[in-house]
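Working notes, structure below.
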Amino acid sequence: MERIRAISSVSHPPASSNTPAAETRLQLLENFLDAHARIVQQIIPVATGHLGERGPFDHSKEYVVIKLAYRDDCGGNPSQAYRVESAEFWPSRAVCERYPHLRGRIEHWDALKGGPLRARRGFLGFVHVLWVARGDDFVVWQALPDHEMSSLQANALHQADGSDWLAPLRWAADNGFVYRHPRPGFPFPMMGHLKKKGAGWQWQPFSHAQLVAMGSDGVALL
């Protein structure tokens, strides 16, 4: 996962005493994306394959634009710092008109990184994602490799026909759920949360009892 960031010098002032400065909010946005990277990697193939009558997603000419809003009540927790509001598919020309610094970004990135991946079976291209924070002039760009869906993803897509593919990310962000590998070599990410430790935040998996109390069967894998 690669990214660039941008912040305007005229970004809106804090809305309340609980709202940190713009640079801090942008850093929280980047940390938010890091916290939810596993879910984003899961939903992007569903998003690009869930277009219905509009036709196939064009990796070379389209962006996925996901709109967020900062949460004053997050308490500094990166996993809950932003509310997931909506997603749209924008043609690259519209994105470049709105964000001129992204002109040529798709072409440059595909030329730089696409070569070795094109030979891999199932590689479809890069999905270029823009994360835009409402009320701020923030934009964080990501390029995520897209592959043909697995049978599990295809089945999920079929079952979710007509539903909101952003729902898993919205649910995780609302509740502060974070998926990570509990240790090197563990085959699946497990569900946990970020816990304040000193000046930072540390991931902690939910215990079996906690998962059962939340209505799970005691195992929460992604």
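The values are calculated or read from the model by the stated rules, or taken from the named source; none is laboratory data. Computed from a predicted structure; not experimentally measured. Cβ atoms come from the backbone with ideal geometry, glycine included; neighbour counts cover every protein chain shown.
Do we find that LEU68 is in a helix (DSSP H, G or I), at pLDDT 90 or above and of a type in the set (A, V, I, L, M, F, W, C) in this structure? Considered against the rule, which asks whether it is in a helix (DSSP H, G or I), at pLDDT 90 or above and of a type in the set (A, V, I, L, M, F, W, C), LEU68 comes out as no.
Within this structure, LEU33 fails the test of being at pLDDT 85 or above, under 28 Å from GLN202 (Cα atoms), under 19 Å from the mean Cα position of the chain (by Cα) and assigned to a strand (DSSP E or B).
Which residue, of ILE66, ILE39, is β-branched (Val, Ile, Thr), in contact with a Pro (Cβ under 8 Å, 6 or more places away or on another chain) and in contact (Cβ under 8 Å) with a residue 12 or more places away in the chain?
ILE39
How many of the residues in the stretch 53-91 are among the basic types (Lys, Arg) and in contact with a Lys or Arg (Cβ under 7 Å, 6 or more places away or on another chain)? Walk me through how you get there before you give the answer.
Keep residues of the stretch 53-91 that are among the basic types (Lys, Arg), which gives 54, 61, 67, 71, 83.
Then keep just the ones that are in contact with a Lys or Arg (Cβ under 7 Å, 6 or more places away or on another chain); that gives 67, 71, 83.
Within the stretch 53-91, residues that are among the basic types (Lys, Arg) and in contact with a Lys or Arg (Cβ under 7 Å, 6 or more places away or on another chain) number 3.
Among residues of the stretch 68-82 being surrounded by fewer than 17 Cβ atoms within 10 Å (Cβ to Cβ) and not acidic (Asp, Glu), the one that is nearest to ASP34 (Cα to Cα) is GLY76. Evaluating LEU117 against the criteria (1) in contact with a helix residue (DSSP H, G or I) (Cβ under 6 Å, 6 or more places away or on another chain); (2) at pLDDT below 90; (3) surrounded by fewer than 19 Cβ atoms within 10 Å (Cβ to Cβ) leaves one unmet condition, (1). Are any of the residues in the stretch 95-109 outside any helix (DSSP H, G or I) and buried (at least 16 other Cβ atoms within 10 Å of the Cβ)? So far as the stretch 95-109 goes, yes, one or more of its residues are outside any helix (DSSP H, G or I) and buried (at least 16 other Cβ atoms within 10 Å of the Cβ). Scanning the stretch 111-151 for residues that are within 16 Å of ASP34 (Cα to Cα) and of a type in the set (S, T, N, Q) gives a single hit, GLN142.
Are there helices (runs of 4 or more DSSP H) fully within the stretch 131-222 with at least 3 residues that are farther than 19 Å from SER86 by Cα and at pLDDT 90 or above? List them.
On the way: elements: 151-159, 167-175, 208-213.
In the stretch 131-222, there are no helices (runs of 4 or more DSSP H) which contain 3 or more residues that are farther than 19 Å from SER86 by Cα and at pLDDT 90 or above.
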